[in-house]
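These notes concern the structure reproduced below.
The values are calculated or read from the model by the stated rules, or taken from the named source; none is laboratory data. Every value quoted in this text rests on a predicted model; they were computed, and no experiment measured them. Neighbour counts are summed over all protein chains in view; Cβ atoms, including those assigned to glycine, are modelled from backbone coordinates with ideal geometry. Remember, those area values only see protein heavy atoms, side chains included, never the ligands or the DNA or RNA. Shrake-Rupley method; radii C 1.70, N 1.55, O 1.52, S 1.80 Å.
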Amino acid sequence: MRFSSSVFAQGGFHAGLLYDQFPLTLDSGQRTEAVGPLFYDQQKDSEKTWAFPPIFSHDADPSVESREDDFLYPLMTYESYGQEYRWQFCQLLSFAGGNTQDDSHQKRFTLYPLYFQQRSRNPDENYTALIPIYGHLQHRLFRDKIFFVMFPIYGQSQKRDVVTDNYLYPFFHLRHGDGMTGWQFWPLVGNEHKVVTIQTNGFGDTSIVGGYDKFFALWPIYFHQNNGVGTDNPEKFRAVIPLYDYSRSPKRDSTTVIWPFFSWIDDREKKYHEWQGPWPFVIFARGEGKTTDRVWPIFSESHDAVKESDSYLWPIYIYRRTHSDPLDQRRTRIAFYLFQNTVEKNTATGAEKHRVESLPFFTYQRDFNGNSRLQILALLEPVLPNNRGIERNWSPLWSLWISEHNPKTGASSQSFLWNLYRHENAPHFKKCSLLFGLFQYQSTGESKRLRLFYIPVMKTHQQAGQSVK
């Protein structure tokens, strides 16, 4: 960001929380605020934002063809990126559309959970579903395909190669897939069998897909399973719940009695032994792959090659760390969101990103470039960090104090009560205003100005080679 005396050459009108216009501290651009937190207009590089918090906000960036409109966020939102768009109301009523990878334009309409519709240039991708009467769906509700008639009387679903026909869901189903067949009459009895098959990926490489045999009776009491058949790690699993369950395989053994409370685990692949009793309150593990000491909620200490997790008097103190180059992330929390401190470090460059928060008092963040921002108050930000909708529509309402610093440009700014007091500082200028702009002072390397009640009362100018007195 470039600052010079020309920034203030025209003077401009500044009336604190009634109206103010100022350059952005952390980015290139400027911002206009009026009527306290109830209106702002901001230009940041190519991104344009204006809003009447919390009623409406509009954000657009032509350089990436993006647009976001919020009405009482998150009640109603509209988002577009390129030719893709989505409009939703309460996550129940929504319209969406755009081009797919095969360039077949799609339009979706959803009235959740009653009506689903999609129309496309490709007729094979069209679907309509009126629940529970009749319909079919594609790539919705965590399934590749769904077809139903008078659900739950009949419904068919497909996920990858597995097709399941449900009759009087969830009581009876038939299932088939690649080398697999199965049936169940829930909760009385069920059986599923799969033979060993060969899978070929997009590069032409083949791999073995293990088979299995699964049987249950009086669900969830009795289970008999043989998994990973034909692989280097076949597993036998048996269970009579809640009396016991056990699993045996070349890489891992586990036994549980009075399920799920008392367990013993021998994990030879990850190289650790674990004792649980009663789970999840008491756990001890030892070995190269995992070390854990837990007597919850008094204390818990656990770590492996990638993760570390500690807590004392949970949830009074909680510590989490993930170290997987080039990421090293550490988070400390006290009483959930009462206080949390998060540090992310790039181990390759040594750069750090830092975030400190206390609900509902403040949030402080410093990015990898060293730009920092402190906000007081913070009623939602600690729970929903980096949520653009919250930042646009709600944060301005309770941001009583904002302090920003840009180490690259040397610029800094502070604002109290929506610019009732505002101070800006950069290498070649200073500016201060308070009480609706009744007091305004600004200084550059060439001049100084003072206004009282919007009337200029002092103006000095430094000639080349002279000093101002």
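Within the stretch 419-433, restricting attention to residues that are basic (Lys, Arg) and surrounded by 16 or more Cβ atoms within 10 Å (Cβ to Cβ), which residue is nearest to the chain's Cα centre (by Cα)? Taking the candidates together, the pick is ARG422.
If you take the residues of the stretch 392-413 that are part of a helix (DSSP H, G or I) and either at pLDDT below 95 or closer than 24 Å to ILE334 by Cα (or both), which of them is least open to solvent (accessible area, probe 1.4 Å)?
Within the stretch 392-413, the first condition is being part of a helix (DSSP H, G or I), and the residues that meet it are 392-393, 395-398.
With the extra rule that they be either at pLDDT below 95 or closer than 24 Å to ILE334 by Cα (or both), the set shrinks to 395, 398.
Working: SER395: 8, TRP398: 32 Å².
The selected residue is SER395.
Per the conditions (1) touching a strand residue (DSSP E or B) at 6+ places or on another chain (Cβ under 6 Å); (2) modelled with pLDDT under 95, the sole criterion not satisfied by ARG160 is (1). Just wondering, is there one or more residues in the stretch 61-69 that are over 29 Å from ASN369 (Cα atoms) and open to solvent by 30 Å² or more (accessible area, probe 1.4 Å)? No - not one qualifying residue is present in the stretch 61-69.
The lone criterion from (1) out of contact with any His (no Cβ under 8 Å at 6 or more places or on another chain); (2) in contact (Cβ under 8 Å) with a residue 24 or more places away in the chain; (3) open to solvent by 40 Å² or more (accessible area, probe 1.4 Å); (4) of a type in the set (D, E, K, R) left unmet by GLU381 is number (3). Look at TYR364 and say whether it is in a strand (DSSP E or B) and open to solvent by 50 Å² or more (accessible area, probe 1.4 Å). Yes: the conditions hold for TYR364. Total residues in the stretch 161-181 satisfying the condition of being outside any strand (DSSP E or B) and either open to solvent by less than 80 Å² (accessible area, probe 1.4 Å) or out of contact with any Pro (no Cβ under 9 Å at 6 or more places or on another chain) (or both): the figure is 4.
In summary, GLY350 fulfils each of the numbered conditions (1) on the phi > 0 side of the Ramachandran plot; (2) in contact with a strand residue (DSSP E or B) (Cβ under 9 Å, 6 or more places away or on another chain); (3) of a type outside the set (Ser, Thr, Tyr) with the single exception of condition (2). Just one of the listed residues (GLY370, GLY350) is small (Gly, Ala, Ser), more than 30 Å from TRP418 (Cα to Cα) and not in a strand (DSSP E or B), namely GLY350. Only residues that are modelled with pLDDT of 90 or more and of a type in the set (Val, Ile, Thr) were counted in the stretch 96-128, giving 2.
Among the residues of the stretch 229-255, count how many are within 21 Å of GLY182 (Cβ to Cβ) and open to solvent by 40 Å² or more (accessible area, probe 1.4 Å). Within the stretch 229-255, residues that are within 21 Å of GLY182 (Cβ to Cβ) and open to solvent by 40 Å² or more (accessible area, probe 1.4 Å) number 7.
Taking the stretch 267-292 as the range and being farther than 21 Å from TYR244 by Cα, under 33 Å from the mean Cα position of the chain (by Cα) and not in a loop (DSSP other than H, G, I, E, B) as the test, the residues that pass are TYR272, THR291, THR292. Among the residues that make up the stretch 326-343, is at least one of them more than 21 Å from the chain's Cα centre (by Cα), of a type outside the set (A, V, I, L, M, F, W, C) and outside any strand (DSSP E or B)? For the stretch 326-343, residues more than 21 Å from the chain's Cα centre (by Cα), of a type outside the set (A, V, I, L, M, F, W, C) and outside any strand (DSSP E or B): absent.
Just checking, does the stretch 216-228 include any residue being touching a residue at least 24 places away in the same chain (Cβ under 8 Å) and crowded, with 17+ Cβ neighbours inside 10 Å? Before you say what the answer is, go through the steps one by one.
Residues of the stretch 216-228 that are touching a residue at least 24 places away in the same chain (Cβ under 8 Å), as a first pass: 216-220.
Retained after the next criterion (residues that are crowded, with 17+ Cβ neighbours inside 10 Å): 216.
Yes, the stretch 216-228 contains a residue that is touching a residue at least 24 places away in the same chain (Cβ under 8 Å) and crowded, with 17+ Cβ neighbours inside 10 Å.
The residues of the stretch 288-328 that are small (Gly, Ala, Ser) and at pLDDT 95 or above, listed by number, are SER300, SER302, SER309, SER311. Whenever a residue of the stretch 132-159 is surrounded by 16 or more Cβ atoms within 10 Å (Cβ to Cβ), its partners that are of a type in the set (Ser, Thr, Tyr) and in a loop (DSSP other than H, G, I, E, B), lying with C-beta atoms within less than 9 angstrom and at least six residues away or across chains, give the pairs PHE148/TYR169; PHE151/TYR169; GLY155/TYR169.
Only one of the numbered conditions (1) in a loop (DSSP other than H, G, I, E, B); (2) among the hydrophobic types (A, V, I, L, M, F, W, C); (3) over 29 Å from PHE223 (Cβ atoms) is not met by LEU137, and that is (1).
Annotation for the stretch 308-319: no member residue is of a type in the set (A, V, I, L, M), assigned to a loop (DSSP other than H, G, I, E, B), closer than 30 Å to TYR246 by Cβ and in contact with a strand residue (DSSP E or B) (Cβ under 7 Å, 6 or more places away or on another chain).
Can you confirm whether the stretch 344-353 contains a residue that is among the charged types (D, E, K, R) and more than 18 Å from the chain's Cα centre (by Cα)?
Keep residues of the stretch 344-353 that are among the charged types (D, E, K, R), which gives 344-345, 352-353.
Applying the additional criterion that residues be more than 18 Å from the chain's Cα centre (by Cα) yields 345, 352.
There is at least one residue in the stretch 344-353 that is among the charged types (D, E, K, R) and more than 18 Å from the chain's Cα centre (by Cα).
Only one of these is open to solvent by 40 Å² or more (accessible area, probe 1.4 Å) and either closer than 18 Å to PHE13 by Cα or touching a Gly at 6+ places or on another chain (Cβ under 8 Å) (or both): PHE436, PHE416. Name it. Break it down stepwise before answering.
Working: PHE416 fails: either closer than 18 Å to PHE13 by Cα or touching a Gly at 6+ places or on another chain (Cβ under 8 Å) (or both).
Being open to solvent by 40 Å² or more (accessible area, probe 1.4 Å) and either closer than 18 Å to PHE13 by Cα or touching a Gly at 6+ places or on another chain (Cβ under 8 Å) (or both) holds for just one of PHE436, PHE416, which is PHE436.
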